[in-house]
1. Between rounded, prolate and oblate, where does the stretch 122-257 land on the alpha carbon gyration tensor, with a ≥ b ≥ c its root eigenvalues, rounded for a/c under 1.5, else prolate if a/b exceeds b/c?
2. Please identify the GluC sites (Glu not before Pro) of the stretch 48-154 that satisfy two criteria: DSSP loop assignment and at most 13 other Cβ atoms within 10 Å. Which are they?
3. If you take the square roots of the eigenvalues of the alpha-carbon gyration tensor of the chain and sort them as a ≥ b ≥ c, do you get rounded (a/c under 1.5), prolate (a/b over b/c) or oblate?
4. Only Cα pairs within less than 10 Å get springs; with that Gaussian network setup on the chain, which residue of Gly129, Gly198, Gly247 has the largest fluctuation?
5. At 7 Å along the Cα-to-beta-carbon direction for both Asn391 and Asn331, put a label point, then send me their distance in nm to one decimal.
6. For Asn373 and Leu16, calculate 0.36 nm times their separation in residues minus their Cα-Cα distance, and state this gained length in nm to one decimal.
7. Could you work out the percent of alpha carbon pairs in the stretch 328-374 separated by over 14 Å, rounded to a whole number?
8. For Glu121 and Asp349 in one chain, what is 0.36 nm times their gap in residues minus the Cα-Cα distance, to one decimal in nm?
Amino acid sequence: MIKREIIPLSVPNLSLDILDNVKETIKTGWVSTGGRFIKEFEEKIAKYVKVESAVSTQSGTAGLHLALEALEVELGDEVIVPTLTFIAAVNPIRYMGAEPIFMDCDDTLNMDMNKLERFLENECDFINGKVINRKTKKQIKAIIVVHVFGNPANMEKLMEIKEKYNLNVIEDATEALGSYYLDGKYKGKHCGTIGDIGVYSFNANKIITTGGGGMVVSDNQRLLDRVAFLGVQAKTDCLYFVHDEIGYNYRMTNIQAAFGTDQIDKLEKFIETKIKNYNLYKKAIGDIEGLNLLPFRTDVRSNHWFYSVIVDEDKYGIDRDELLIKLNNDNIQTRPLWRLIHKQKPYLDNEVYKIENAEFYEKNIINIPCSSNLTEYNVMTVIKKLEEIKNASI
């Protein structure tokens, strides 16, 4: 039996009109960390998310590292993070010599703000403007909130907590470019622009791509200036190569930015396609007993980056892992959620707080094909296969 062509999970949506930009970088020789496209891309991102300025980076991970540096997270500090996320949201904390504290998720897959509040109230002391963890006696300096799969987190609640406890907030919006709030205090605000500092990613699987790369945004120009300074090897004097601090080679290249300036112009079209395909899935999967397509919040405009399906083994007939195998064997690329970070070997000894919901979602969710160039035929092919597997299990 000949297998069908692979339907990938999430791949770049590129077109050949991008080549004019790339040719220019080659013709001028500006292929590295200088050139006009870097500034142009930074300006386009800043305008799109409605901030004054932005600083490009080598990756989203680099952006998170620089954000922690700019907020002066230091050796011995602690940072609260979700356990349900990609590990890149957590590793930069260790780069700083600090330690993460892991928090549970709510039913949007984002950090559970009620548990966060209870943790700070019941497990910490607030002394002279500092949050001190009673268990470790260390200062909790910041919170990294991740807008998981493009579904915005509850930033109203988080910012109330931030103000009450004088904590820094880093928004990991690496999956959420194009997601913004439609209601409430932050109506019209984009994910990544509400906390002290926000970070986007342009990895190949993101909604727009530069092959790699990231972007840092903030309303605090001092923080952005610090990010920019540290990201170019902390040059105090560029002419005479004077370096008074340790810096990093974290700048985006002009070739990457040449991709980005083209991609950002197409973002709204990509989101339109993602929403359309999500709704096609939603209508059909709603009729398959045992499968539930996880909803996005209705008071936001989500970019619908990833589509998550909860598998009820008793009603569907097989469990999540068996379904993963069957779909991938038929060239329909699907993936489970990440292994929860507090279960990963480097973090087994770190503090966790009442992890419950994340355990359920880790065990029962699959992510199904969701690329912005996914066709309606592709969507119906995935749906048909889900129906076939269900019928065969009866």
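Throughout, read-outs are computed from the coordinates displayed, never taken from laboratory work. Because the structure is a prediction, the values reported are computed rather than measured. When we count neighbours, we look across all protein chains shown, and the Cβ atoms used for this are built from the backbone with ideal geometry, even at glycine.
1. oblate
2. Passing both the DSSP loop test and the Cβ count: Glu52, Glu72, Glu74.
3. Note, shape of the chain comes out oblate.
4. Ranking Gly129, Gly198, Gly247 by mean-square fluctuation puts Gly129 first.
5. 2.1 nm
6. 127.1 nm
7. Details: 679 of 1081 pairs.
Tail of P(r) above 14 Å: 63 percent of Cα pairs.
8. Fully extending the segment from Glu121 to Asp349 adds 79.8 nm.
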